[in-house]
Amino acid sequence: MISVSDEQLFELHQPSDNAGFVYAVMILTKELGYSNTETALISTAASELSTNIIKYAGSGMIYLRAVTDADKTGIEIEAVDNGPGIPDIEMAMRETYSTGKSLGLGLPSVKRLMDEFIIESENRKGTIVKVRKWRTGQ
């Protein structure tokens with residue numbers, strides 16, 4: 001059973017909100033003992049999730065949590081918005097598919113970088129993406 005030992009909430013309304021969130025991710029990963037490489041990968045995924053909220057939904061929230069499960073320690077990021085939703089999640093998870101004039105690598109990259117990836121979306125009601133990364137070498 002996963003337990004939460006620390007939770008921070010970030011409200012995202014404008015592109016500059018991304019910087020404070022990514023900085024908090026970097027601080028938490030260091031506190032939890034992640035390597036520099038793991039910190040960079042997690043920060044990249046975190047930035048992608050927060051950027052997507054601002055770009056596609058306009059605003060939203062991200063929860064940043066330190067989590068444990070038995071003898072594992074990890075980080076959890078839950079991105080929540082009330083935007084237009086993703087009409088076709090399967091298509092959105094394909095490499096190079098984009099509705100926003102980008103390379104289309106965002107969500108597929110987040111899934112690759114993290115250990116666990118859950119996405120739920122409902123048309124005109126928003127999207128929730130929850131990801132976890134467990135610390136290696138435990």
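The values are calculated or read from the model by the stated rules, or taken from the named source; none is laboratory data. Keep in mind that what you see is a predicted model, and the values were worked out from it rather than measured. Note that each Cβ is placed from the backbone with ideal geometry, even for glycine, and that neighbours are counted across all protein chains shown.
Please specify each residue of the range 49-99 satisfying the condition of being of a type in the set (Gly, Ala, Ser) and under 26 Å from THR39 (Cβ atoms). Once the filter is applied, which keeps residues that are of a type in the set (Gly, Ala, Ser) and under 26 Å from THR39 (Cβ atoms), the range 49-99 yields SER50, GLY60, ALA66, ALA70, GLY74, ALA79. Consider the range 121-138 and keep the residues that are buried (at least 18 other Cβ atoms within 10 Å of the Cβ) and among the polar types (S, T, N, Q). The one that is farthest from the chain's Cα centre (by Cα) is SER121. Highlighted here are the strands (runs of 3 or more DSSP E) found entirely within the range 1-120 that include at least 3 residues which are at pLDDT below 95 and surrounded by fewer than 19 Cβ atoms within 10 Å (Cβ to Cβ): 2-12.
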